[in-house]
Amino acid sequence: MNTDDVLALGATAQPCTMATATKRTALGNSAGVGSVFERDVQRRCCPPDHGINRPRPAAQDMTFDGHGPKEGAQSIVFVVDDDPSVRESLQNLLESWGLRTITFESAGQYFAYSRPNVPSCLILDMILPDITGLDLQERVTGTNHPPIVCITGRGDIQTSVRAMKLGAIDFLTKPISEDDLLNAVQDAIARDAEALMARAALADLQQRYALLTTREREGLPLVVGGLLNKQAAALLGISESTLQIHRCKIMQKMEADSLAELVRMAMQLKVPLPQMRRRGAVATDLVLSCRANQEKFMEARAGISPR
């Protein structure tokens with residue numbers, strides 16, 4: 001059996017010796033630019049379900065429903081390229097690594113597709129029939145869009161710099177190295193998985209925060225801001241014992257095991273905290289507030305009408 005036969009068999013071939021071969025597959029566009037995709041395949045006694053022995057992303061079998069990861073759905077690689085031969089070759093290559101792949105010939109088709117909430121990435125050609133790859137990047141900047149790996153057959157420094165500034169994971173020029181593409185895709189999917197988990201965790205915190213009453217929401221920044229119970233109670237105009245009850249309910253509803261964890265949650269929710277630079281002014285206000293409350297209490301006991 002020769003080298004080409006082994007590569008053609010793919011998943012069924014299990015050679016017992018290490019061998020390295022290079023296979024060149026057409027990945028060109030209609031203009032003939034970037035007409036070769038370099039495939040450097042290293043075969044090491046591959047398991048039956050893989051044509052090549054490649055590490056798979058840790059987040060590949062996770063899906064998200066807004067509350068956290070679930071098992072059962074593969075991560076997805078989206079490919080946007082106007083050349084059908086490039087799309088087909090990339091899809092075959094990515095699926096040989098166990099990655100589900102969905103291809104599009106234009107940005108319009110891609111935007112019309114409803115992406116599932118799973119770890120994913122986008123392999124994006126810079127020259128498209130409707131808009132440029134840079135235009136697509138600018139549209140999705142600042143959104144929860146998956147990370148982008150840019151590919152092109154007409155690479156130049158200016159375009160690559162703009163793409164990287166817009167957040168591209170990598171900028172690859174055809175002919176593309178398999179190793180470079182795999183590393184970029186794995187990095188992109190891992191980053192998207194982390195972002196999905198962070199958004200799911202934030203959504204869970206927001207649901208807990210929504211359970212707080214108005215008074216508890218007013219007390220949360222004072223509790224996590226480092227104020228004493230007496231100080232926080234004075235600012236809210238309530239007794240210290242009442243504040244302690246509110247604090248206990250806040251901890252229970254937010255499911256915080258400690259004050260430090262509650263502080264972390266407040267930071268994630270971007271709860272406004274007392275300005276530390278005005279600590280002296282805050283302390284003065286607290287003293288005056290305490291004195292005023294004490295005076296009102298004494299006047300009420302003496303039967304004197306408030307001023």
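The values are calculated or read from the model by the stated rules, or taken from the named source; none is laboratory data. Everything numeric in this text was worked out from a predicted model, so none of it was measured. A quick note on method: Cβ atoms are made from the backbone with ideal geometry, for glycine too, and the neighbour counts reach across all protein chains shown.
Looking for something assigned to a strand (DSSP E or B) and either surrounded by 16 or more Cβ atoms within 10 Å (Cβ to Cβ) or of a type outside the set (Asp, Glu) (or both) - is there at least one such residue anywhere in the stretch 181-198? No: zero hits.
The condition of being farther than 29 Å from Ala203 by Cα, crowded, with 16+ Cβ neighbours inside 10 Å and either touching a residue at least 24 places away in the same chain (Cβ under 8 Å) or not acidic (Asp, Glu) (or both) holds for only one of Leu172, Leu122, Leu99, Leu136, that being Leu172.
If you go through the stretch 246-265 and keep only what is assigned to a helix (DSSP H, G or I) and exposed (fewer than 15 other Cβ atoms within 10 Å of the Cβ), you end up with Cys248, Gln252, Leu259, Ala260, Glu261, Arg264. Which of (1) without any contact (Cβ under 8 Å) to a residue 60 or more places away in the chain; (2) under 24 Å from the mean Cα position of the chain (by Cα); (3) not assigned by TED's automatic domain parsing to the domain that holds Glu95 is the odd one out, the single condition Leu205 does not satisfy? All conditions are met except number (1). If you go through the stretch 68-81 and pick out every residue that is modelled with pLDDT under 95 and either closer than 12 Å to Phe104 by Cβ or touching a strand residue (DSSP E or B) at 6+ places or on another chain (Cβ under 6 Å) (or both), you end up with 5. Considering the stretch 112-143, and only residues there that are closer than 19 Å to Pro84 by Cβ and of a type in the set (Asp, Glu), the residue that is nearest to the chain's Cα centre (by Cα) turns out to be Asp125. Take the conditions (1) touching a helix residue (DSSP H, G or I) at 6+ places or on another chain (Cβ under 8 Å); (2) among the β-branched types (Val, Ile, Thr); (3) farther than 30 Å from Asp125 by Cβ; Ile245 misses just one of them, which is (1).
Pairs are defined by a Cβ separation below 7 Å, a sequence spacing of at least 6 or placement on different chains, a first member in the stretch 238-262 that is over 10 Å from Gly219 (Cβ atoms), and a second member that is part of a loop (DSSP other than H, G, I, E, B); the pairs so defined are Lys253/Leu211; Lys253/Leu212; Leu262/Ala256.
Residues in the stretch 86-104 that are at pLDDT 95 or above and touching a Lys or Arg at 6+ places or on another chain (Cβ under 7 Å): Thr103 alone.
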